[in-house]
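As structure tokens, the structure follows; a few thoughts come after it.
The values are calculated or read from the model by the stated rules, or taken from the named source; none is laboratory data. Fair warning: this is a prediction, and the values are worked out from it, not measured in the lab. Here the Cβ is made from the backbone with ideal geometry for all residues, glycine too, and neighbour counts use every protein chain on show.
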Amino acid sequence: AHLARIDAVDEKVHAFLHVDREGALAQARAVDAKRAAGEELGPLAGVPLALKDIFTTVGVPTTVGSKILEGWIPPYDATLTRRLKEAGVVILGKTNMDEFAMGSSTENSAYGPTGNPWDLTRIPGGSGGGSSAALASFQAPLAIGTDTGGSIRQPAAVTGTVGVKPTYGAVSRYGMVAFSSSLDQGGPCARTVLDTALLHEVIAGHDPLDSTSIDAPVPPVVAAARAGDVKGMRIGVVKEFAGEGYQAGVMQRFTESVELLRELGAEIVEVSCPSFEYALAAYYLIAPSECSSNLARFDGLRYGLRAGDDGTRSAEEVTALTREAGFGPEVKRRVILGTYALSSGYYDAYYGSAQKVRTLITQDFQRAFGDVDVLVSPTTPTTAFPIGERADDPMAMYLADLCTIPSNLAGNAAMSLPCGLAPEDGLPVGLQIIAPAMADDRLYRVGAAVE
Ligand code: GLN
């Protein structure tokens, strides 16, 4: 049924870069056979899923939304891919994304934009717009995203779906193409909080193949989603996430959600996190710095595209021509920014200062979580903007992640879930919930209460 739905609508939505029809049907049949044989199956066995095209999938193309990996077929599965398969999840295909996950609208994909199912002339968020659009257009009930600065939560917010960035280190990064290794985190997406929790339990857990993977039990996210109770919890409203640049309808729905939390028995307090003001600036030094280092491996020699290799050119020339042809403008912009920020003489002033700001932001969170159980804010300052509106204005594009970036810098856990439609444009608004590291269950407890 989901493959038929993809056939019917994806020409318009363009959520998928690749549909793995045979693989999906084979997995579905394998699950059926196990069920017929009386084998005990997990709760997600046989459930279809849309996988962001940043996770390696053996035998199935993985492009990261870039021309530089066009035609590359990975010889191995990411740990996340393997866990999904072991749980009997049916991977329908790979979803569209901003090239190397750099963007907030999916317009930076080398394979063309994805439409927001609520209004196809608008962006579905980014970088994981394909995954969230697949959910919102009922092409898949489950999806996977990755969140370096907001790429799970921001698409969830603008498509009216649920997305969780787990605690940094909770989900293995092995086989997840690296953008900014100290920030990147894979996570679950779905249309309900409970579905998201069920997927969270499948993908999270220690992996010896990822040195930053946390070796501790996964918090009880499914039990929390089933409980859905906020009575007696202390919930902080971050004062700094408001004011200029925030759409009136977004603030209205957010304020109503806070009132609902109060009615359900939570105690609401205002919290100040003064260093959040510098989060965007610090992020746009740290993320490009790490990306300039990570993307050095795309040299035209190891995998994917190779340009200009006609037997007359040196390896350096082939690498330069490959990068020229294979990387899009945003990727080039970030590699140049990052190389500059890390260069000798500038390192302390840029990268060093950004790392200090990162510590201040972490301390703001620590202070806040000394007083409250979770923090709440709008996920994004505005609803989905029209395709093309911010394409030539990187600064305006970067502002879409104003509320999501602090959690990546601090490594804690955060969720976006729908909290109604903005009255002025009828488009979905996202509520963000932030919990301390390794307290991911609190997101699901609060999210299920207000869903
Ligand atoms: N929009 C942010 C960026 O462009 C975040 C992207 C992400 O989370 N992958 O870097």
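Checking GLY338 against (1) at pLDDT 95 or above; (2) within 14 Å of the ligand (Cβ to nearest atom); (3) in the same structural domain as TRP118 (by TED's automatic domain parsing): exactly one of these is not met. Which one?
(3)
Out of all the residues in the stretch 124-142, is one or more within 14 Å of the ligand (Cβ to nearest atom) and part of a strand (DSSP E or B)?
No: zero hits.
Could you say which residue among GLY145, GLY93 is outside any loop (DSSP other than H, G, I, E, B), more than 16 Å from the ligand (Cβ to nearest atom) and crowded, with 24+ Cβ neighbours inside 10 Å? Break it down stepwise before answering.
Working: GLY145 fails: more than 16 Å from the ligand (Cβ to nearest atom).
GLY93 is the lone residue from the list that is outside any loop (DSSP other than H, G, I, E, B), more than 16 Å from the ligand (Cβ to nearest atom) and crowded, with 24+ Cβ neighbours inside 10 Å.
Of the residues LYS94, LYS85, which single one is touching a residue at least 12 places away in the same chain (Cβ under 8 Å), basic (Lys, Arg) and out of contact with any Lys or Arg (no Cβ under 8 Å at 6 or more places or on another chain)?
Answer to the check: LYS85.
Would you mind stating whether PRO155 is in a helix (DSSP H, G or I), within 13 Å of the chain's Cα centre (by Cα) and within 15 Å of the ligand (Cβ to nearest atom)? Can you show your working first?
Values: in a helix (DSSP H, G or I): yes; within 13 Å of the chain's Cα centre (by Cα): yes; within 15 Å of the ligand (Cβ to nearest atom): yes.
Yes; evaluated as a whole, the condition is true for this residue.
Those residues that are of a type in the set (Asp, Glu) and buried (at least 24 other Cβ atoms within 10 Å of the Cβ), I need them from the stretch 172-214; list them, please. Lay out the reasoning, then the answer.
Just the residues of the stretch 172-214 that are of a type in the set (Asp, Glu), to begin with: 184, 195, 201, 207, 210.
Result: ASP184, single match.
Restricting to the stretch 297-318, count the residues that are on the phi < 0 side of the Ramachandran plot, surrounded by 14 or more Cβ atoms within 10 Å (Cβ to Cβ) and assigned to a loop (DSSP other than H, G, I, E, B).
Within the stretch 297-318, the first condition is being on the phi < 0 side of the Ramachandran plot, and the residues that meet it are 297-299, 301-303, 305-307, 309-310, 312-318.
Right, trim to surrounded by 14 or more Cβ atoms within 10 Å (Cβ to Cβ) and you get 298-299, 303, 305-307, 309, 313, 317-318.
Applying the additional criterion that residues be assigned to a loop (DSSP other than H, G, I, E, B) yields 298-299, 303, 305-307, 309, 313.
Residues meeting the conditions: 8.
Got a sec? Which helices (runs of 4 or more DSSP H) wholly within the stretch 349-421 have at least 1 residues that are in the same structural domain as ASP147 (by TED's automatic domain parsing) and away from the ligand (no atom under 16 Å from the Cβ)?
On the way: elements: 353-369, 394-398, 405-410.
Output list reads 353-369.
Please pick out the residue among VAL164, VAL158, VAL177, VAL230 that is touching a strand residue (DSSP E or B) at 6+ places or on another chain (Cβ under 6 Å), in the same structural domain as ARG122 (by TED's automatic domain parsing) and at negative phi.
VAL164
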